[in-house]
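Read through the structure below, which is laid out as structure tokens, and then see the notes.
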Amino acid sequence: MIPREDLRAHASAILYRIGAAATVAEVDRLQDEALGESSPITAARRSLREATPDQKRALGAIVNEVTTTLADALAARRSVLAEEERIVRLAAERVDMTLPGYRPERGAAHLVMQVWDEIVDIFTGIGYTVAAGPEVETAYYNFDALNTPATHPARLESDTLYVDYGDDPEGVLLRTQTSPVQARWMESHQPPVHIIVPGRVYRRDAVDATHTPVFHQMEALAVGEDITFADLRGTLAYFMDQFFGKHTRQRFLPNFFPFTEPSAEMHVSCHRCDGSGCRTCGNRGWIELLGCGVVDPNVLEAAGYDAGRVSGWAFGVGIDRLAMIRHDIPELRFFFDADLRVLEQFR
Ligand code: DAH
């Protein structure tokens, strides 16, 4: 039987330490020490089981009294400390809403993709369909179906990147132009045709200010009954005015492409000086922009069309070149260097 004095001494020592406890965690530890399994109070409570009724009466009252006192003191101290700790925590977590925030860097479409989207918009707005084809292409679609003879210099390995594929080393290549999609589309669609083909193309060029081995083109093709060079001119005039956002003039100089006859290169009046001569146009007033022409009957026939019944026009334009000219960018390389100081100016 534990003497009642010991219980009181135990209780008052713990009470003192409860008053001095500095953290909720410390109060938890004291709770265990004061009233837990191995505390004298628990031992006293256990001993009551074998006690006589008299002993029970005397010790039981003390055990209850001490238990209540300690439990109350622990609860009171815990609530004071918990509140203090809450205040400290809130102060530490305080956010100053007047501080300037950290603005995350916002990404943006690359200028070449912006121009790509714009010209697609211009043409889908007048009813054209966007077509696509493979970048790894056969020599048949890239050249033969486009009336390009086996002896044409563009087919040389010095100009075209061939892909080592099977036993026909001359048969598979990285397309050098978006034109092969003309042939692919006509093979699987009946006229009338009104398509545009934006896409990546590849050439075996060394990198310099105006050449990179990969760049972007957009092909356009219109085929139907009675389609003439006049339709091509009207369409290009509309395209140029929309793209440069102002009235422009076009002129057409004779040229040669295997897939068009007649073929022309189109020049546009300089959007910056309106033709009077400036740095952008190299003082010429005109800018050479694209190749075009009336689709050669051989191309129509190779695709299975009746060249006696339908005719068409086509053009191919460099998307990167359009972007460089409109924004006065001197180096094609800027588009591929991914230097944010350059690209950030166009977002
Ligand atoms: N494919 C030609 C090139 O890459 C551009 C071109 C010229 C496309 C005339 C055409 C065209 O459709 O009719 O240089």
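The values are calculated or read from the model by the stated rules, or taken from the named source; none is laboratory data. Keep in mind it's a predicted model, so treat the numbers as computed, not measured. Note that we place each Cβ from the backbone using ideal geometry, even for glycine, and neighbour counts take in every protein chain shown. Each accessible area value is taken on the protein alone, full model and side chains, heavy atoms only, with ligands, DNA and RNA left out. Shrake-Rupley method; radii C 1.70, N 1.55, O 1.52, S 1.80 Å.
What is the number of the single condition among (1) touching a strand residue (DSSP E or B) at 6+ places or on another chain (Cβ under 7 Å); (2) over 30 Å from D226 (Cα atoms) that P192 does not meet? Condition (2) is where P192 drops out. Just one of the listed residues (D328, D320) is within 30 Å of A108 (Cβ to Cβ) and more than 16 Å from the ligand (Cβ to nearest atom), and it is D328. The set of residues in the range 127-165 being open to solvent by 70 Å² or more (accessible area, probe 1.4 Å) and either modelled with pLDDT under 95 or more than 20 Å from G199 (Cβ to Cβ) (or both) consists of A150, T151, P153, L156, E157, S158, D164, Y165. The condition of being touching a strand residue (DSSP E or B) at 6+ places or on another chain (Cβ under 9 Å), within 11 Å of the ligand (Cβ to nearest atom) and of a type in the set (S, T, Y) holds for T260.
The set of residues in the range 94-126 that are outside any helix (DSSP H, G or I), of a type in the set (D, E) and open to solvent by less than 80 Å² (accessible area, probe 1.4 Å) contains only D96. Of all residues in the range 139-187, which are of a type in the set (A, V, I, L, M, F, W, C) and touching a Ser or Thr at 6+ places or on another chain (Cβ under 7 Å)? Selection gives L146, A154, V172, L173. Of the strands (runs of 3 or more DSSP E) lying entirely inside the range 133-220, those containing at least 2 residues that are within 13 Å of the ligand (Cβ to nearest atom) and under 24 Å from T235 (Cβ atoms) are 193-202. Can you find a residue that is farther than 30 Å from F243 by Cα and among the polar types (S, T, N, Q) anywhere in the range 157-168? Yes, the range 157-168 contains at least one residue that is farther than 30 Å from F243 by Cα and among the polar types (S, T, N, Q). Just to be sure before I move on: is D231 charged (D, E, K, R), buried (at least 18 other Cβ atoms within 10 Å of the Cβ) and on the phi < 0 side of the Ramachandran plot in the structure I sent? For D231, the condition - charged (D, E, K, R), buried (at least 18 other Cβ atoms within 10 Å of the Cβ) and on the phi < 0 side of the Ramachandran plot - is not met.
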